[in-house]
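The values are calculated or read from the model by the stated rules, or taken from the named source; none is laboratory data. For clarity, every value in this text was computed on a predicted model and none was experimentally measured. Don't worry about glycine lacking a Cβ; one is built from the backbone with ideal geometry, like all the others, and counts go over all protein chains shown.
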Amino acid sequence: MNELKKLAGQLIMIRFPGTELDAATAEFLRANSIRAICLFRQNMVDSAQLARLTADLRAVMGPHALIALDQEGGAVVRSTWVPAPPSAMALGAADDAPLARAVGAAVARAVKALGFNWNFAPVLDLNNNPRNPVIAERSFGADPRRATELALAWMAGSESEGVACCVKHFPGHGDTHVDSHRDLPTVDKPLAELERFEFAPFRMAADSAPAMMTAHIVYPALDPDYPATMSRPILHDLLRAQWRYRGVVITDSMDMHAIAGRYGAGPAAVRALGAGADMVMALGNPEIQAATIDAIAAAIADGTLPMDEVAQRLARLDALATKYQCAQCPQCHYPFDADDREIMADGWRRALTAYRQPRAPKPGARVRLVVRQDVVSDGVSEAGVPAQVVADALARLYQVELVTYADAETFDWGALPADGSFVVLASTSRLRYGPNARANWRPDLHLALWNPYQALDIDAPALMTYGFAAPALDAVGLWLSGALEATGRCPVPGFD
């Protein structure tokens, strides 16, 4: 059974807490021949620490290690000190494939210097649903062809620097109003409509994407019983047999409520592998990871997972790790920092989008800035920009009074003094606004610093950045000072 566990261990990806490889985790990796790990913000301090950690992981997992992270850009980044990539929708607003390629290459240079060889990006989901709580600015847009062209340009940039991409979330997470981290969404559309819209980017990417990540979403037109992650009609019949995809298929995290709360980690992992996945992302605690390995080993032993199919999965994973080997970087040598920061800043500047003809306050004007108090992470994205940081940015140009609120639904906009101050609302979370803000908030200028759909909630002129990174705030400052025009065009419906 130990040998079967070592086979099973090669078919899962794990996570672990901490910023150093502890002895217990190292032994767990060795004992189960685990070769894939995903690192998150909690594992990272700075470049020197992270390079040591990835080197230690590589030493334990061997030359075929797959060390991954989510460095999409915008709010979904894990290494936050490297050059800050524009979000996908920012690149969609800039609408320039060479720029998208340059950004993808710059992202890859940074993460490769830190010891990663697999980046779970770019997002191929088409965001045509304004109520989508988890995709939004992570999507390149709503037009299947143009969004895919930009995403594939980004991927080609990463490929040119030797970092494997993983397009996600197959076969499409854009048209949902439920976050699969919290519940199980359904996309109930006719097959012809799915093929024309959701499926189109993934089909176009099937010839070139090194890897695809599955979506925890039910598509009744193909499989009324199971989400794509565990659906053989979707992963095998559609992706493998019909589209002839030959890259690696990895599941999204199996500890999400959409899966873990319904099926159990072990049975879900077995079903996902049986459906056609090559690797299961088992990001739970060590007990869940061990139970997942036991379940997979038992399924290999009793023939539920035939050995020839296991061998095919291992061969695809070996090919990925061989082509995109982890780089040894003991000194974290990264000579491209300044140039890559300019590439990213150019992307943020070109993304800046005006909506309803916004105007800037006059230089030196009294500005009342209204911003949410907290900027906590939602578990997918990094935490937003703090209110004081926005205030400090505006204070370079204006006399700023900062007003913060805890709950948009109870904040009394009418209580703001009518004293002639220019009122700026800065939106610093992904959350859409509710009835109170929609009906009563009337700023002179709305800075939508994250989710562009928030500009639809507030009846006011808006400037949209598609993200809150420092170079996005710099671009806002240039626009406010009159040094930059907002030339971006929002690549989703509703902003004409």
Exercise. State whether the residues of region 386-395 include one that is β-branched (V, I, T), over 22 Å from A75 (Cβ atoms), in contact (Cβ under 8 Å) with a residue 12 or more places away in the chain and crowded, with 17+ Cβ neighbours inside 10 Å.
Key: no
Quiz prompt | Some residue of region 371-383 being loosely packed, with under 15 Cβ neighbours inside 10 Å, in contact with a Ser or Thr (Cβ under 6 Å, 6 or more places away or on another chain) and over 22 Å from P83 (Cβ atoms) | solution = yes
Quiz prompt | Filtered residue count, region 146-167, keeping only those that are not in a helix (DSSP H, G or I) and not small (G, A, S) | solution = 5
Exercise. Among residues belonging to region 363-384 that are among the charged types (D, E, K, R) and assigned to a loop (DSSP other than H, G, I, E, B), point out the one that is nearest to F422 (Cα to Cα).
Key: D374
Practice problem: Return yes or no: is A59 surrounded by fewer than 24 Cβ atoms within 10 Å (Cβ to Cβ), over 21 Å from the mean Cα position of the chain (by Cα) and in a helix (DSSP H, G or I)? | Solution: yes
Quiz item: Filtering region 6-56 down to residues that are over 15 Å from M281 (Cα atoms) and of a type in the set (V, I, T), which residue is surrounded by the most Cβ atoms within 10 Å (Cβ to Cβ)?
Solution: T54
Practice problem: Would you check which residues across region 63-74 are out of contact with any Leu (no Cβ under 7 Å at 6 or more places or on another chain), at pLDDT 95 or above and either closer than 21 Å to D294 by Cβ or not in a strand (DSSP E or B) (or both) and list them? | Solution: D70, Q71, E72, G74
Quiz prompt | Every residue from region 266-282 that is among the aliphatic types (A, V, I, L, M) and surrounded by fewer than 20 Cβ atoms within 10 Å (Cβ to Cβ) | solution = none
Quiz item: Using beta carbons and a limit of 6 Å, which pairs, at least six apart or on different chains, have the first residue in region 220-237 and among the aromatic types (F, W, Y) and the second one crowded, with 17+ Cβ neighbours inside 10 Å and in a loop (DSSP other than H, G, I, E, B)?
Solution: none
Exercise. Consider D183 carefully, then state whether it is at pLDDT 90 or above and either of a type in the set (D, E) or not assigned by TED's automatic domain parsing to the domain that holds A272 (or both).
Key: no
Practice problem: Any chance you could count how many residues in region 26-51 are out of contact with any Leu (no Cβ under 9 Å at 6 or more places or on another chain) and outside any loop (DSSP other than H, G, I, E, B)? | Solution: 8
Quiz prompt | Identity of the residue in region 120-134, surrounded by 23 or more Cβ atoms within 10 Å (Cβ to Cβ) and either more than 17 Å from M213 (Cα to Cα) or touching a helix residue (DSSP H, G or I) at 6+ places or on another chain (Cβ under 9 Å) (or both), that ends up modelled with the lowest pLDDT | solution = N132
Practice problem: Quick one: L194 ticks every box in (1) under 21 Å from the mean Cα position of the chain (by Cα); (2) at pLDDT below 95; (3) aliphatic (A, V, I, L, M) except a single one, so which number is it? | Solution: (1)
Exercise. Out of the residues in region 209-229 that are of a type in the set (A, V, I, L, M) and closer than 14 Å to M279 by Cβ, state the one that is surrounded by the most Cβ atoms within 10 Å (Cβ to Cβ).
Key: M212
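Here's the yes/no breakdown for (1) among the basic types (K, R); (2) closer than 30 Å to V376 by Cα:
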residue	(1), (2)
F16	no, yes
A24	no, no
S47	no, yes
R52	yes, yes
M61	no, no
Q71	no, yes
Exercise. Restrict the check to region 379-396 and report whether at least one residue is touching a strand residue (DSSP E or B) at 6+ places or on another chain (Cβ under 9 Å) and basic (K, R).
Key: no
Exercise. List every residue pair whose Cβ atoms lie under 9 Å apart, where the two residues are 6 or more positions apart in sequence or sit on different chains, the first residue falls within region 111-124 and is not assigned by TED's automatic domain parsing to the domain that holds S253, and the second residue, located anywhere, is modelled with pLDDT of 95 or more.
Key: none
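Per-residue answers, yes or no, for (1) exposed (fewer than 13 other Cβ atoms within 10 Å of the Cβ); (2) assigned to a helix (DSSP H, G or I); (3) out of contact with any Pro (no Cβ under 6 Å at 6 or more places or on another chain); (4) assigned by TED's automatic domain parsing to the domain that holds D407:
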| site | (1), (2), (3), (4) |
| --- | --- |
| A298 | no, yes, yes, no |
| E309 | no, yes, yes, no |
| A338 | yes, yes, yes, no |
| P361 | no, no, yes, yes |
